[in-house]
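Everything on this sheet refers to the single structure shown next.
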Amino acid sequence: MIFFSCSNQQKIDEFEEIPEIIKCDFENLQVTENDSIAISNTLNPAIWKGFYSATSIIINFTKNVGDDGETEKFSVVFQKINNCLKVERAYKFYDGKDVDISAITEVTILDFSIQNYSIDELFTGIINYIDPHDKETYYIKFWIELHPDVTEPTNILTFENCLGNKIPIEIDINNDKITDFQLIAEEIKDEGNKPKFSYFTIKLISTNPTNNKILSPKRSNSPYIVVFEPPFSSENTEQYFGGVKNELDVFYQFEPPYENYNYFLSNKLTYKEILTNNKKDYFVISLFIGGKRYFGWIQFELDTANCSIKIVDTFLNPIADEPIFVN
(Lines give C-alpha, C1' and ligand atoms only; values in the text may rest on other atoms or scores of the structure.)
Protein backbone atom coordinates (compact mmCIF):
# COMPACT_ATOMS: atom_id res chain seq x y z
CA MET A 1 0.00 0.00 0.00
CA ILE A 2 1.40 3.40 -0.97
CA PHE A 3 -0.16 5.27 1.93
CA PHE A 4 1.32 4.22 5.28
CA SER A 5 4.23 2.17 6.50
CA CYS A 6 4.27 1.73 10.26
CA SER A 7 7.44 1.85 12.34
CA ASN A 8 8.00 1.08 15.98
CA GLN A 9 5.93 3.44 18.08
CA GLN A 10 7.88 6.29 19.63
CA LYS A 11 6.62 7.34 23.03
CA ILE A 12 6.44 11.11 23.29
CA ASP A 13 5.24 12.66 26.52
CA GLU A 14 2.41 15.05 25.70
CA PHE A 15 4.22 17.81 27.58
CA GLU A 16 7.59 17.14 25.94
CA GLU A 17 8.54 19.79 23.41
CA ILE A 18 9.47 18.58 19.94
CA PRO A 19 12.58 20.48 18.76
CA GLU A 20 12.32 22.80 15.78
CA ILE A 21 12.53 20.91 12.50
CA ILE A 22 14.24 22.92 9.76
CA LYS A 23 15.45 21.24 6.57
CA CYS A 24 17.56 22.59 3.73
CA ASP A 25 19.24 19.45 2.38
CA PHE A 26 17.81 17.08 -0.21
CA GLU A 27 17.87 13.29 0.01
CA ASN A 28 17.20 10.44 -2.40
CA LEU A 29 14.01 9.06 -0.84
CA GLN A 30 12.58 7.12 -3.76
CA VAL A 31 9.51 9.33 -3.81
CA THR A 32 7.80 9.26 -7.20
CA GLU A 33 4.88 10.97 -8.88
CA ASN A 34 2.76 8.02 -7.76
CA ASP A 35 3.07 9.44 -4.24
CA SER A 36 0.85 12.35 -5.23
CA ILE A 37 -1.84 9.87 -4.17
CA ALA A 38 -1.97 9.82 -0.38
CA ILE A 39 -4.59 7.06 -0.20
CA SER A 40 -5.30 4.75 -3.11
CA ASN A 41 -8.96 4.17 -3.90
CA THR A 42 -10.43 3.20 -7.25
CA LEU A 43 -13.45 5.48 -6.94
CA ASN A 44 -12.23 8.31 -4.72
CA PRO A 45 -8.46 8.46 -4.06
CA ALA A 46 -7.11 11.03 -1.59
CA ILE A 47 -4.80 13.37 -3.55
CA TRP A 48 -2.09 15.55 -2.03
CA LYS A 49 -2.60 19.28 -2.61
CA GLY A 50 -0.17 22.10 -1.91
CA PHE A 51 -0.38 25.88 -1.75
CA TYR A 52 2.21 28.58 -1.19
CA SER A 53 2.28 32.18 -0.04
CA ALA A 54 5.19 34.56 0.43
CA THR A 55 5.93 33.11 3.86
CA SER A 56 4.54 29.58 4.03
CA ILE A 57 3.50 26.34 2.35
CA ILE A 58 0.54 24.20 3.32
CA ILE A 59 0.09 20.65 2.09
CA ASN A 60 -2.96 18.47 2.73
CA PHE A 61 -5.18 15.66 1.59
CA THR A 62 -8.78 14.78 2.43
CA LYS A 63 -10.16 11.30 2.93
CA ASN A 64 -13.69 9.98 3.41
CA VAL A 65 -14.29 8.49 6.86
CA GLY A 66 -18.05 7.82 6.98
CA ASP A 67 -21.12 6.83 5.04
CA ASP A 68 -22.80 10.24 5.31
CA GLY A 69 -20.15 12.44 3.74
CA GLU A 70 -17.88 12.80 6.79
CA THR A 71 -14.30 13.61 5.88
CA GLU A 72 -10.92 14.14 7.55
CA LYS A 73 -8.32 16.57 6.22
CA PHE A 74 -4.67 16.12 7.21
CA SER A 75 -2.66 19.36 6.85
CA VAL A 76 0.96 20.34 7.47
CA VAL A 77 2.05 23.98 7.48
CA PHE A 78 5.68 24.88 6.71
CA GLN A 79 7.32 28.24 7.23
CA LYS A 80 9.69 29.47 4.53
CA ILE A 81 13.14 30.39 5.84
CA ASN A 82 15.26 31.56 2.90
CA ASN A 83 15.55 28.36 0.83
CA CYS A 84 14.78 26.14 3.80
CA LEU A 85 11.51 24.90 5.31
CA LYS A 86 10.47 24.68 8.94
CA VAL A 87 7.49 22.73 10.29
CA GLU A 88 5.14 25.24 11.84
CA ARG A 89 2.25 22.94 12.77
CA ALA A 90 0.16 20.01 11.63
CA TYR A 91 -3.43 19.08 12.33
CA LYS A 92 -6.41 17.01 11.31
CA PHE A 93 -9.83 18.52 10.67
CA TYR A 94 -12.72 16.10 11.00
CA ASP A 95 -15.79 17.44 9.19
CA GLY A 96 -18.88 15.75 10.62
CA LYS A 97 -21.22 17.26 8.01
CA ASP A 98 -24.83 16.86 9.18
CA VAL A 99 -24.33 13.78 11.32
CA ASP A 100 -21.54 14.50 13.77
CA ILE A 101 -19.55 17.23 15.54
CA SER A 102 -16.59 18.62 13.59
CA ALA A 103 -13.24 18.96 15.35
CA ILE A 104 -9.61 20.05 15.03
CA THR A 105 -6.82 17.87 16.48
CA GLU A 106 -3.14 18.78 16.38
CA VAL A 107 -0.66 16.25 14.98
CA THR A 108 2.89 15.83 16.29
CA ILE A 109 5.48 15.93 13.50
CA LEU A 110 8.59 14.01 14.58
CA ASP A 111 10.63 14.67 11.44
CA PHE A 112 10.44 15.27 7.71
CA SER A 113 12.82 14.82 4.79
CA ILE A 114 12.95 16.63 1.45
CA GLN A 115 13.67 14.94 -1.84
CA ASN A 116 12.94 17.96 -4.02
CA TYR A 117 11.92 21.53 -3.32
CA SER A 118 11.59 23.72 -6.38
CA ILE A 119 10.47 26.97 -4.81
CA ASP A 120 6.76 27.56 -5.40
CA GLU A 121 6.67 24.74 -7.95
CA LEU A 122 7.32 21.24 -6.62
CA PHE A 123 7.68 19.76 -3.14
CA THR A 124 8.41 16.06 -2.50
CA GLY A 125 9.51 14.12 0.54
CA ILE A 126 8.50 12.06 3.58
CA ILE A 127 6.77 13.08 6.82
CA ASN A 128 7.18 11.18 10.08
CA TYR A 129 4.33 11.87 12.55
CA ILE A 130 2.35 10.53 15.49
CA ASP A 131 -1.31 10.00 14.78
CA PRO A 132 -3.33 11.78 17.50
CA HIS A 133 -5.97 9.06 17.58
CA ASP A 134 -4.14 5.74 17.75
CA LYS A 135 -0.82 7.26 19.03
CA GLU A 136 1.13 5.20 16.50
CA THR A 137 4.06 6.55 14.49
CA TYR A 138 3.69 6.73 10.70
CA TYR A 139 5.70 7.69 7.64
CA ILE A 140 3.93 9.10 4.60
CA LYS A 141 5.41 10.08 1.23
CA PHE A 142 4.25 13.11 -0.76
CA TRP A 143 4.74 14.48 -4.27
CA ILE A 144 3.02 17.83 -4.65
CA GLU A 145 2.82 20.47 -7.35
CA LEU A 146 2.46 23.79 -5.54
CA HIS A 147 -0.13 26.42 -6.44
CA PRO A 148 -0.67 30.00 -5.24
CA ASP A 149 -2.73 30.25 -2.08
CA VAL A 150 -5.76 32.23 -3.25
CA THR A 151 -7.77 31.76 -0.06
CA GLU A 152 -9.62 34.96 0.68
CA PRO A 153 -9.10 36.32 4.21
CA THR A 154 -12.19 35.71 6.30
CA ASN A 155 -13.75 37.55 9.19
CA ILE A 156 -13.15 35.35 12.23
CA LEU A 157 -16.43 34.40 13.86
CA THR A 158 -16.40 34.58 17.65
CA PHE A 159 -19.25 33.93 20.02
CA GLU A 160 -18.79 37.24 21.80
CA ASN A 161 -19.14 39.25 18.60
CA CYS A 162 -22.06 37.17 17.34
CA LEU A 163 -24.41 36.46 20.26
CA GLY A 164 -22.36 37.11 23.39
CA ASN A 165 -23.50 40.72 23.63
CA LYS A 166 -27.17 39.77 23.14
CA ILE A 167 -27.61 37.25 25.93
CA PRO A 168 -28.55 36.49 28.65
CA ILE A 169 -32.15 37.58 28.01
CA GLU A 170 -34.23 37.83 31.17
CA ILE A 171 -37.88 36.78 30.95
CA ASP A 172 -40.55 37.96 33.41
CA ILE A 173 -43.65 35.94 32.49
CA ASN A 174 -46.16 37.44 34.96
CA ASN A 175 -44.79 41.02 34.96
CA ASP A 176 -43.98 41.07 38.68
CA LYS A 177 -40.48 42.47 38.02
CA ILE A 178 -38.92 39.12 38.99
CA THR A 179 -37.03 37.12 36.38
CA ASP A 180 -38.65 33.70 35.91
CA PHE A 181 -36.49 32.34 33.08
CA GLN A 182 -33.30 33.24 31.22
CA LEU A 183 -32.15 32.53 27.69
CA ILE A 184 -28.43 32.02 28.23
CA ALA A 185 -25.16 30.79 26.73
CA GLU A 186 -23.20 28.42 28.93
CA GLU A 187 -19.45 28.22 28.20
CA ILE A 188 -17.64 24.93 28.71
CA LYS A 189 -13.85 24.86 28.28
CA ASP A 190 -12.14 21.75 26.98
CA GLU A 191 -8.54 21.82 28.19
CA GLY A 192 -7.65 18.25 27.24
CA ASN A 193 -7.86 18.69 23.50
CA LYS A 194 -5.01 20.10 21.39
CA PRO A 195 -5.80 22.73 20.33
CA LYS A 196 -7.88 23.87 23.29
CA PHE A 197 -11.39 25.08 22.60
CA SER A 198 -14.55 26.34 24.27
CA TYR A 199 -18.08 25.49 23.36
CA PHE A 200 -21.12 27.60 24.14
CA THR A 201 -24.53 25.98 24.58
CA ILE A 202 -27.56 28.23 24.02
CA LYS A 203 -30.54 27.24 26.13
CA LEU A 204 -33.42 28.32 28.34
CA ILE A 205 -33.01 27.93 32.11
CA SER A 206 -35.35 28.46 35.04
CA THR A 207 -34.41 30.80 37.89
CA ASN A 208 -36.47 28.58 40.22
CA PRO A 209 -36.89 25.03 38.82
CA THR A 210 -39.26 24.08 41.66
CA ASN A 211 -41.81 26.77 40.82
CA ASN A 212 -40.90 27.83 37.27
CA LYS A 213 -40.92 24.73 35.10
CA ILE A 214 -39.78 24.12 31.51
CA LEU A 215 -42.06 21.40 30.16
CA SER A 216 -41.62 18.56 27.69
CA PRO A 217 -44.13 16.13 26.15
CA LYS A 218 -44.59 13.09 28.36
CA ARG A 219 -42.59 10.19 26.98
CA SER A 220 -41.45 6.80 28.21
CA ASN A 221 -37.81 7.48 27.35
CA SER A 222 -35.38 10.30 26.60
CA PRO A 223 -34.47 12.55 24.91
CA TYR A 224 -37.16 14.87 26.24
CA ILE A 225 -37.57 17.89 23.97
CA VAL A 226 -38.28 21.45 25.13
CA VAL A 227 -38.96 23.16 21.80
CA PHE A 228 -42.53 23.11 20.51
CA GLU A 229 -44.04 24.17 17.21
CA PRO A 230 -47.76 24.59 16.45
CA PRO A 231 -50.05 22.84 16.99
CA PHE A 232 -49.32 22.03 20.63
CA SER A 233 -50.84 22.20 24.10
CA SER A 234 -49.63 22.02 27.68
CA GLU A 235 -51.61 18.83 28.29
CA ASN A 236 -49.59 15.65 28.85
CA THR A 237 -46.38 17.56 29.61
CA GLU A 238 -43.85 17.14 32.38
CA GLN A 239 -40.67 18.72 33.69
CA TYR A 240 -37.72 16.34 33.23
CA PHE A 241 -34.25 16.83 34.70
CA GLY A 242 -32.32 14.01 33.05
CA GLY A 243 -32.05 13.29 29.33
CA VAL A 244 -33.44 16.68 28.36
CA LYS A 245 -32.62 17.98 24.90
CA ASN A 246 -32.35 21.61 26.00
CA GLU A 247 -29.61 23.06 23.76
CA LEU A 248 -30.96 25.24 20.96
CA ASP A 249 -27.54 25.39 19.34
CA VAL A 250 -23.86 24.97 20.17
CA PHE A 251 -20.89 27.12 19.10
CA TYR A 252 -17.33 25.76 18.98
CA GLN A 253 -14.48 28.26 19.37
CA PHE A 254 -10.84 27.15 18.91
CA GLU A 255 -7.73 28.83 20.21
CA PRO A 256 -5.35 30.56 17.73
CA PRO A 257 -4.32 29.88 15.03
CA TYR A 258 -7.42 27.76 14.37
CA GLU A 259 -10.08 30.46 14.75
CA ASN A 260 -11.15 30.14 11.13
CA TYR A 261 -12.62 26.75 12.09
CA ASN A 262 -15.02 28.29 14.64
CA TYR A 263 -18.58 27.24 13.87
CA PHE A 264 -22.16 26.84 15.03
CA LEU A 265 -23.73 23.41 14.83
CA SER A 266 -26.58 25.30 13.10
CA ASN A 267 -29.08 22.92 14.72
CA LYS A 268 -27.58 19.92 12.88
CA LEU A 269 -27.55 17.84 16.07
CA THR A 270 -29.96 19.84 18.21
CA TYR A 271 -33.34 20.80 16.71
CA LYS A 272 -32.66 20.51 12.98
CA GLU A 273 -36.19 19.51 11.97
CA ILE A 274 -37.83 22.22 14.10
CA LEU A 275 -35.59 25.28 14.02
CA THR A 276 -34.88 25.08 10.28
CA ASN A 277 -38.49 25.14 9.12
CA ASN A 278 -40.76 28.18 8.81
CA LYS A 279 -42.97 27.52 11.81
CA LYS A 280 -42.93 29.58 14.99
CA ASP A 281 -40.93 28.17 17.90
CA TYR A 282 -42.03 28.02 21.54
CA PHE A 283 -41.12 26.85 25.00
CA VAL A 284 -44.01 25.57 27.14
CA ILE A 285 -43.71 26.58 30.78
CA SER A 286 -45.64 26.59 34.04
CA LEU A 287 -45.45 28.85 37.09
CA PHE A 288 -46.59 28.15 40.65
CA ILE A 289 -48.01 31.38 42.06
CA GLY A 290 -49.73 31.45 45.43
CA GLY A 291 -49.73 27.66 45.51
CA LYS A 292 -51.53 27.37 42.17
CA ARG A 293 -50.16 26.25 38.78
CA TYR A 294 -50.47 28.41 35.67
CA PHE A 295 -49.45 27.31 32.15
CA GLY A 296 -47.87 29.56 29.53
CA TRP A 297 -45.49 29.80 26.60
CA ILE A 298 -42.44 31.72 25.41
CA GLN A 299 -42.09 32.38 21.69
CA PHE A 300 -38.50 32.88 20.49
CA GLU A 301 -36.44 33.27 17.32
CA LEU A 302 -32.89 32.02 16.82
CA ASP A 303 -30.88 32.62 13.65
CA THR A 304 -27.22 31.90 14.31
CA ALA A 305 -26.29 32.44 10.66
CA ASN A 306 -27.19 36.11 11.14
CA CYS A 307 -26.23 36.32 14.83
CA SER A 308 -29.82 36.97 15.85
CA ILE A 309 -31.65 35.78 18.97
CA LYS A 310 -34.74 37.28 20.60
CA ILE A 311 -37.85 36.64 22.64
CA VAL A 312 -40.82 37.44 20.42
CA ASP A 313 -43.68 37.18 22.91
CA THR A 314 -44.81 35.47 26.11
CA PHE A 315 -48.17 34.32 27.47
CA LEU A 316 -49.41 33.09 30.85
CA ASN A 317 -52.93 31.70 31.22
CA PRO A 318 -54.67 33.70 33.98
CA ILE A 319 -56.77 30.66 34.93
CA ALA A 320 -55.03 28.19 37.24
CA ASP A 321 -54.56 24.62 35.96
CA GLU A 322 -56.25 25.41 32.63
CA PRO A 323 -54.20 24.05 29.72
CA ILE A 324 -53.03 26.30 26.90
CA PHE A 325 -53.46 25.50 23.19
CA VAL A 326 -51.64 26.99 20.20
CA ASN A 327 -52.85 26.02 16.73
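The values are calculated or read from the model by the stated rules, or taken from the named source; none is laboratory data. In this text the structure is predicted, and so the values were computed from the model without any measurement. Cβ: placed from backbone, ideal geometry, glycine included. Neighbour counts: every protein chain shown. Surface accessibility is based on the protein's heavy atoms, side chains included, excluding ligands, DNA and RNA. Shrake-Rupley method; radii C 1.70, N 1.55, O 1.52, S 1.80 Å.
General observations
- Here the Karplus relation 6.51 cos²θ - 1.76 cosθ + 1.60, evaluated at θ = phi - 60°, turns the backbone of segment 235-241 into coupling constants of 5, 6, 10, 8, 8, 10, 10 Hz, with x for every Gly and Pro.
- Near D120: Cβ cut-off under 11 Å, other residues only, Lys/Arg at +1 and Asp/Glu at -1. The net charge is -2.
- Space enclosed by the convex hull of the alpha-carbon atoms of segment 225-271, per residue, Å³: 89
- Ratio of the Cα radius of gyration of segment 61-123 to 2.2 N^0.38 Å, where N counts its residues: 1.41
- DSSP-loop trypsin sites (Lys or Arg not before Pro) across segment 73-141, with at most 13 other Cβ within 10 angstrom: K97, K135
- Using a Förster distance of 56 Å, the FRET efficiency for N161-L43 (Cβ separation, nearest 0.05): 0.85
- Farthest positive-ward along the chain dipole, Cα basis, beta-carbon charges - from L275, P148, S118: L275
- Between N64 and E301, the C-beta separation translates, for a Förster distance of 45 Å, into a calculated FRET efficiency of about 0.80.
- Listed residues T154, T42 arranged by accessible area, highest first, probe 1.4 Å: T42, T154
- Applying the Karplus relation 6.51 cos²θ - 1.76 cosθ + 1.60 with θ = phi - 60° to segment 144-153 yields 3J(HN,Hα) values of 9, 7, 8, 10, x, 7, 9, 4, 6, x Hz, where x marks Gly and Pro.
- In the chain, the portion of solvent-accessible area held by carbon and sulfur atoms comes to 46 percent [1.4 Å probe, whole percent, DNA, RNA and ligands not counted].
- Computed on protein heavy atoms with a 1.4 Å probe, the accessible areas place W143, W297, W48 in the order W143, W297, W48, largest first.
- Short to long, the 20 Å bins of the Cα pair-distance histogram for the chain hold 26, 42, 24, 8, 0 percent of all pairs.
- The chain, accessible area per residue, ligands and nucleic acids excluded (1.4 Å, Å²): 54
- With the convex hull of the Cα atoms taken as the outline of segment 131-182, the averaged projected area works out to 9.0 nm².
- Environment charge at A320 (Cβ cut-off 9 Å; Lys +1, Arg +1, Asp -1, Glu -1): 0
- Note on segment 172-239: Rg/Rh from C-alpha atoms, Kirkwood Rh, equals 1.09.
- Under 24 Å from the Cα of K292 - lysines, other chains or at least 8 residues apart: K177, K213, K218
- Between A320 and D120, the simple label model (points 7 Å from Cα in the Cβ direction) yields a spacing of 8.1 nm.
- Size-normalised alpha-carbon gyration radius of segment 178-327, reference 2.2 N^0.38 Å: 1.15
- Summary of the geometry: segment 63-85 and segment 301-316, compared by the centres of their Cα atoms, lie 38 Å apart.
- Neighbourhood charge, 15 Å Cβ-Cβ cut-off, centred on K97 and excluding it, Lys, Arg +1 and Asp, Glu -1: -3
- Between the alpha-carbon centres of segment 196-259 and segment 36-54 there is a gap of 42 Å.
- Short-range pairs are left out: with C-alpha atoms under 8 Å and at least six residues apart, the relative contact order of the chain is 12 percent.
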